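Heads up: the structure comes next, in structure tokens.
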Amino acid sequence: MSKRSILAIFIAFVIAVAATAMWSASTTERDGDPDANVLEDSGSATGNSVEKKKSGNKVARIFTAPFRAFGRLFSHKDKLQRMTEKDGEKFESVGISRVDDSRTPEPKKLALANSAKEHLANGRSYLLNGQFNEAITELSTAASLDPRLTEAHNLLGVAYDKKGLADRAKDSYERAVKVEPEDAQALNNLGFSLYQNGNYRAAVDRLKRAVKIAPTDDRILNNLGLALCRLGKFDEAYKHFARAAGPYTGNLNTARMLERIDPNSTLAMKRLGELYKRTGRIDPAQAAGNSLIGVTGEVAAR
């Protein structure tokens, strides 16, 4: 075997070990749905759709997943906040002035809108910029001016989700689907919202409808896989995970979800063992096999 091949195998092994070590820690450290975080760390898109689907390099996303996990784990930018002007008013003896930098950018201000579509455009920009209150104002206005503007209702639901207003988000998604029953992104967002609130059967129903409309959308496929896992339909979930990102990532996502839902799952241990063997990771494969024997022994003893 050439030195180049040995080096490539060594690098791949290090990345795989690092990813395995960091996945669990990174998913507990971050905000958002823990199940969705598990899939995102394997390079799989999940969650709400804000913009139209863009094509991308799935292999690159999977390859860079471990580095994203490291970054999320050691980055605490959302936990430490710069003191604001309102905070400064509490200390009358200390004067402060606004500092605009990468951590405290000046809030985006857009031109005044007149039509529903202009309010929609402003709302979308505010949403992508993380200014959720402004986005809600603009998108609510757009939806009021043109109740049949599907995207306004859909994005308003996303903005409500970002604010933690799950019921309002669900209502907005349902309005979007009522206006346009064949809108795959609105169905996806409604399905994921239902999934996050524990309504897994209804989530599967909406997401299956979305998959029929957009059969190659990996975000919708992965969301459907998540909901199916929560219903215990792991074989069906695997099919959708595999359609989204290939058999390797499909097996990995299914095993990770099995591990989350039932840490003592013999099926999870078996899947992980087979996965490690196929990728030449003998020690982790042996460990998974030993765990499988231990779990089986405990079950027999009981």
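The values are calculated or read from the model by the stated rules, or taken from the named source; none is laboratory data. As the structure is a prediction and not an experimental result, all values here were calculated from the model. Every residue, glycine as well, gets a Cβ built from its backbone with ideal geometry; the counts of neighbours run over all protein chains shown. Accessible surface areas use protein heavy atoms only, side chains included; no ligands, DNA or RNA. Shrake-Rupley method; radii C 1.70, N 1.55, O 1.52, S 1.80 Å.
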Fill in: Members of K208/K233; K162/K239; K163/K212; K170/K239 lying beyond 21 Å, as alpha-carbon distances in this model show
K162/K239; K163/K212; K170/K239
Worksheet item: Which whole-number percent gives the relative contact order of region 149-276, counting Cα pairs below 8 Å spaced six or more residues apart?
Response: 14 percent
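What FRET efficiency, computed as 1/(1 + (r/R0)^6) with R0 = 30 Å and r the Cβ-Cβ distance, is obtained for S125 and N197, rounded to the nearest 0.05?
About 0.60, to the nearest 0.05.
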Practice prompt. Please work out, to two decimal places, the log10 of the ratio I(q)/I(0) at q = 0.16, 0.18, 0.29, 0.30 Å⁻¹ from a Debye calculation in which every Cα of region 133-185 carries one identical scatterer.
Written response: -0.37, -0.47, -1.12, -1.17
Worksheet item: Per residue, how much accessible area does region 219-267 show when a 1.4 Å probe rolls over the protein heavy atoms, in square angstrom?
Response: 38 Å²
Item to complete: Taking 7 Å along the Cα-to-C-beta vector as the label spot, tell me the S115-D171 distance in nanometres, rounded to one decimal.
Response: 2.9 nm
Worksheet, complete the sentence: Nearest-0.05 FRET efficiency for Y248 and K212 at R0 = 25 Å, using Cβ-Cβ distance, is 0.45
